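Novice: What follows is a structure written as structure tokens; I'll ask about it next.
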Amino acid sequence: MPTALARVQVLCPPELIADLKTLAKHNRRSMSALCGEILAHALRSGKYRDQLEEAQIRVPVKPDPRTRRPQAQFRADAAKAVLDGADIEDPRMQKILMAMKILMEDDDE
């Protein structure tokens, strides 16, 4: 499933992959979800928690992309349709133009 979250690629020996697949199937979860949970748990453990607290350089947390308001995807389509001679009196086109007007007002605030 597509996601806006960042990805990390990890190279693992075959034994570790077999264990991860076994746990993922046992828990009926994806490998990605399981690995994310294991990483989160490891970072909260004593060894890594202490290292995080002592770190001289802190990497800032980026905003979670899943919480942003999605961009309207029809702006370009509506603009292209108007430029291509679409009937702007069509009720469907009126709805699109009204939505664009509302979005533009939100962007100005």
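Quick note: the coordinates plus some simple rules give every number you see, no bench work behind them. Small disclaimer: the values here were computed from a predicted structure and weren't measured. Here the Cβ positions follow ideal geometry from the backbone for every residue, glycine too, while neighbour counts run over all protein chains shown.
Novice: Using packing as a proxy for protection, rank 12-25, 45-58 so that the peptide with the highest average count of other Cβ atoms within 10 Å comes first.
Specialist: On the way: 12-25: 11.4, 45-58: 8.5.
In descending order of packing, they fall as 12-25, 45-58.
Novice: A further question follows. Based on other C-beta atoms within 10 Å, arrange VAL59, VAL10 from fewest to most.
Specialist: Lowest count first: VAL59, VAL10.
Novice: Same structure, new question: Please report the net charge: other residues with Cβ closer than 14 Å to the Cβ of MET31, K and R +1, D and E -1. Intermediate results must be reported in sequence, preceding the final value.
Specialist: On the way: positive: ARG7, LYS21, LYS25, ARG28, ARG29; negative: ASP19, GLU37.
After counting each charged neighbour, the total is +3.
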